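All remarks here apply to the structure that follows.
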Amino acid sequence: MDQISDSHYKSSASIEADEKTNSAWIQALSIERGGIERVTPDQRQENVTHFWNACTFWLSANMAVATLTTGALGGPMGLKFWDSFIVILVVNLVSDLLPAWTAAFGLTGLRMTTFSRYSFGYWGNLLVVVFSMVATTGWNAINSISGAAVLNALSDGRCPTWAGVIIICTVVWIFCVLGINWIHKIDTFIWIPPLIVWCVTAGTGASHFSSAEPKEFKSSEDRAAAILSFMAIIFSFSVSWVNCAADYNVRMPINTSRARIFGATYVGIFIPSVLVQTLGAALFSATVHNPEWKAAYASAGVGGLLKMALEPAGGFGKFLMVLAALSSIPNNIPNNYSFALHAQNFGPWALRVPRIALVTFGFVVSLVVGCCAAQYFKDTLQTFLSVIGYWTVIHIVIVAEEHLVFRRGWQGYDLDAWDDPAKMHFGWSAIGAFAAGFVGAALGMKVAWYVGPIAGLIGSGANVGHELTGAFSGIAFLGLRWAERRVCGM
């Protein structure tokens, strides 16, 4: 009996020693251990995040090759460079306001998907959770493919796109496991190398850029349709950050100005988005009169254009292409990191799952989807993401109306009730508004396999799904939320 007790004591001591060792490693590496639990004001006295991190984080995330790819999409629609530039500038001026506004929500100490419970209801918020996880996984795959395509073009096909996806996703996973402290440290300066890449690219490729029209439109309605559709693409890229912008500000001191967070975030998104998307549009313009550039785009997409532009730089140009490909890493960190935070909102049981385990799960899913998309169904996945993107409009509309109309500002929230279903409404109003929003999307969307009846009224088809989604969901939520408050009292 004594031997058994002695053995049990040694086993318990061994376990305790292992736990202390693991804890020491976690502390030494500054690995983030928390999840979506609210960061209270007193917890923000140490190990804080500075307000300027709200700028450098988004500078790094948007100074990426995926941003370049997005800007180049106006050309294939038939838009000349100056048309694309005007769309890029005007849409970013407006749409970047939305993630900048939601970024300030992080000062409550709650992540965006968790804060949405106050608008969508405790159970209705599961819609936000599911769509956020699907969207971040899809964007993770698409952004990885953008970087991997550059490596593929640089190696003349010797580095398969799927291999590039593995490299990028693995590095992203490492930083996301380490957590927010490491992420803010690297994002302080990691935006600088890609900025150098884009500046050199603009210089070496400028002589090939053109203001000519890629194709002649049959009518002014067709031109309007192309402009509206490109506006939808630029808008979707900007607002994709809405569902995670608050996640990176929860450790800022409680007295941090919301205006400073708003301004820093807006600058961090607007400047790189406009600069890099404009460069993407300029790169595509070179294909209008240059057969070699056109062939490069046909074979390797924007990666091919980048290679052509940097060719005069010789070996240094190849090094810059590697840096361009690696710009997908900070671009994907928000997706993989926030995936775990989204998942923890499934309920109390999800809170018990370690953040690192959920980050790893998101990494595996993104890796599988990215590798398969690169090999088999890239176009299908991009179409799928364009459809999923409509939900972000519903998200921001419902959060804004709840905040401005029904809560009447920040004083209307009981922030300690974030994990208590009894103190929150079910969310029937948000569920109804969600359904109404997708009716609007179905009427106004334009994708490869479907053109909505209202979208089809404009030229060859214009994507006006975001406008109709916002209108339908906004009107429905105002009426349904009023009724829900009258019936349920909350």
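In this simple spin-label approximation, F361 and V405 carry label points 7 Å from Cα along the Cα→Cβ vector, and these lie 3.5 nm apart.
Placing R0 at 41 angstrom, the Cβ-Cβ distance between A483 and V322 gives a FRET efficiency of 0.10 after rounding to 0.05.
For segment 77-89, 3J(HN,Hα) computed residue by residue from phi via the Karplus equation (6.51, -1.76, 1.60; θ = phi - 60°) reads 7, x, 7, 6, 4, 5, 5, 4, 4, 4, 4, 4, 5 Hz, glycine and proline entered as x.
In this calculation the C-beta distance from A313 to N290 is compared with R0 = 22 Å, giving a FRET efficiency of 0.80. Taking the 0 to 90 degree range and rounding to the nearest ten, how far is the long axis of helix 465-488 tilted relative to the main principal axis of the chain, both from C-alpha atoms? Rounded to the nearest ten degrees, it is 20.
Measure nothing fancy, just the Cα-based angle from helix 378-388's long axis to the longest principal axis of the chain, in degrees from 0 to 90, nearest 10. Here the helix axis deviates by roughly 60 degrees.
Against the chain, whose longest principal axis comes from its Cα atoms, helix 126-154 is set at around 50 degrees. With R₀ fixed at 35 Å, the C-beta to C-beta distance from E37 to V94 puts the FRET efficiency at about 0.50. Across segment 465-486, the residues whose backbone nitrogen lies under 20 Å from the label position 7 Å along the beta-carbon direction of K423 are 485. Where the centroid of each part is defined by its Cα atoms, how far is segment 271-286 from segment 429-490 in Å? Segment 271-286 and segment 429-490 have Cα centres separated by 31 Å.
Hey, can you find the accessible area per residue of the chain for me, probe 1.4 Å, expressed in square angstrom?
On the way: 20410 Å² over 490 residues.
Heavy-atom accessible area per residue stands at 42 Å².
Within the accessible surface of the chain, defined with a 1.4 Å probe on protein heavy atoms only, the carbon and sulfur portion equals 66 percent. Percent relative contact order of the chain, based on C-alpha pairs within less than 8 angstrom and at least six residues apart? Relative CO of the chain lands at 29 percent.
With a sphere of radius 15 Å drawn around the Cβ of N463, what net charge do the other residues whose Cβ falls strictly inside it have (Lys, Arg +1; Asp, Glu -1)?
Every neighbour counted, the sum reads -1.
Here the label points at L457 and A298, each 7 Å from Cα along the C-beta direction, are separated by 3.9 nm in the simple model.
For S229, what charge total do you get from the other residues with a beta carbon under 14 Å from its beta carbon, if Lys and Arg give +1 and Asp and Glu give -1? Value of the local net charge: -2.
The values are calculated or read from the model by the stated rules, or taken from the named source; none is laboratory data. Note that the structure is predicted; figures quoted are calculated from it, not measured. For neighbour counting, all protein chains shown are included, and Cβ atoms are generated from backbone atoms with ideal geometry for every residue, glycine included. Note: areas computed on protein heavy atoms with side chains; ligands, DNA, RNA excluded. Shrake-Rupley method; radii C 1.70, N 1.55, O 1.52, S 1.80 Å.
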